[in-house]
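Heads up: the structure comes next, in structure tokens.
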Amino acid sequence: MIFRLQFVNLHSEIPLMIERLVVIDNVDPVIFYGVNNSNIQLIRSLFPKLRIAARGSLIKALGDEQETADFEKKIKELESYCVKYNQLGEDTILDIVKGKPPKELKMDDVIIYGVNGKPIQGRSANQQKLVKTFQENDLTFALGPAGTGKTYVAIALAVRALKNREVRKVILSRPAVEAGEKLGFLPGDMKDKIDPYLQPLYDALGDMIPANKLQEYIETNVIQIAPLAFMRGRTLSDAIIILDEAQNTTTHQIKMFLTRLGMNAKMIITGDITQIDLPHSQTSGLIQALKVLNKVPGIGRVTFDKKDIVRHQLVQRIVEAYEKHDEEMRALRLEEKKQQQE
């Protein structure tokens, strides 16, 4: 958004002065201005004929028409670079202001550049497969054990679509399944009670979007984080929708969620069918959905395994140990059943 104020002088020999107001509303001003405002100080030195003031997301430049027009153009180029890479350094500012092409960072396998320019990319074959499957389908199931990065990659894909203006909002949801402690006995209001269930989603977003910008997105509902129960009755259009921990949905819940899909929207559903916290009497909605939707076109599926685990190396050993234990227990139950039949 750009505003221009024109000051007309009655004395023709005095140059016409223009004040341009440039709003950098797509980036975090803290990153754009640099540590101790070092970036904006450099920009001032590169436009010595202008009086430049910056506060929040608003930059004012006072000077002649051509100088302020050039300034506006360069600021928008710097903003675009900052949006793409989540960083802005001295060399980049110098290149862009002087009309040189800025150094382009590697983007081949990078989904987005997170906070402080951290590249977020598919680190395993199945993570890269999830990126491709998401691009080719409107509904994608990402299945596998903890630590394989399925949720993290899904959120990165959603943030990329938002930054590229492919969608207007991102919706992240989880079922609030009680595991050992009843919701009603947790302290605080409803938000305080459910936020612990949603914290992993906040953590992932915090790696990808600067804190100030993330807070703005949440306050304006551009990014919505809510328990699954809050999805009922909604039609979700122009959005990326992610359902995490879907193994803990009931059959009715996941059907309700799947039918929320609106126009120009995509869904990613993640889950680990080996970690179901539902009561034994209830069927996991994720398991049922995988069977019911197995042959429906437009739906992709990526199955992660222990080789994709990107957490501490001990996590892979833990998963392997539990797999071995589960196999031994299944074999024991089969043997007991066989003996009972004899």
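Solvent-accessible area per residue in the chain equals 57 Å², computed with a 1.4 angstrom probe and all protein chains kept.
Of the listed pairs K118/K213; K129/K307; K73/K266; K60/K118; K118/K255; K150/K266, which have alpha-carbon separations greater than 25 Å here?
Numbers: K118/K213 16 Å; K129/K307 14 Å; K73/K266 34 Å; K60/K118 30 Å; K118/K255 37 Å; K150/K266 16 Å.
The pairs that break the limit, which is 25 Å between Cα atoms, are K73/K266; K60/K118; K118/K255.
With the simple spin-label model, which puts each label point 7 Å out from Cα in the Cβ direction, the V30 to R330 separation comes to 4.8 nm. Highest mean first, the peptides 146-156, 205-215 sorted by other C-beta atoms within 10 Å per residue fall in the order 146-156, 205-215.
Treating r as the C-beta distance of T251 and R301 and R0 as 22 Å, the FRET efficiency rounds to 0.75. Extension gain for the segment T235 to I318, taken as residue separation times 0.36 nm less the Cα-Cα distance, is 25.8 nm to one decimal.
Give the peptides 54-62, 269-277, 168-176 in descending order of average Cβ contacts within 10 Å, highest first. Show your work: numbers first, answer last.
Values: 54-62: 17.3, 269-277: 19.7, 168-176: 21.6.
Per-residue Cβ counts within 10 Å, averaged per peptide and sorted highest first, yield 168-176, 269-277, 54-62.
Rounded to the nearest 0.05, the FRET efficiency derived from the C-beta distance between D207 and Q288 at R0 = 56 Å is 0.95. Only Cα pairs under 8 Å and 6+ residues apart enter the sum, and on that basis the relative contact order of the chain stands at 17 percent. Note on I218 and N116: with the Förster distance fixed at 25 Å, the Cβ-Cβ geometry gives a FRET efficiency of about 0.75.
Distance between the pseudo-spin-label points of L261 and Q66 (7 Å out from Cα toward the beta carbon): 5.6 nm. Solvent-accessible surface of protein heavy atoms, probed at 1.4 angstrom with all chains present, puts E166, E219, E323 in the order E219, E166, E323, largest first.
From most to least packed by mean Cβ count within 10 Å, the peptides 20-33, 86-99 give 20-33, 86-99.
How many percent of all Cα-Cα pairs in the chain sit more than 27 Å apart?
On the way: 32884 of 58311 pairs.
So the pairs more than 27 Å apart make up 56 percent of the total in the chain.
The values are calculated or read from the model by the stated rules, or taken from the named source; none is laboratory data. Values in this document were obtained by computation on a predicted structure and should not be read as measured data. Positions of Cβ are backbone-derived with ideal geometry, glycine not excepted, and every protein chain shown enters the neighbour counts. Heads up: the accessible areas ignore ligands, DNA and RNA and are worked out on the full protein's heavy atoms, side chains in. Shrake-Rupley method; radii C 1.70, N 1.55, O 1.52, S 1.80 Å.
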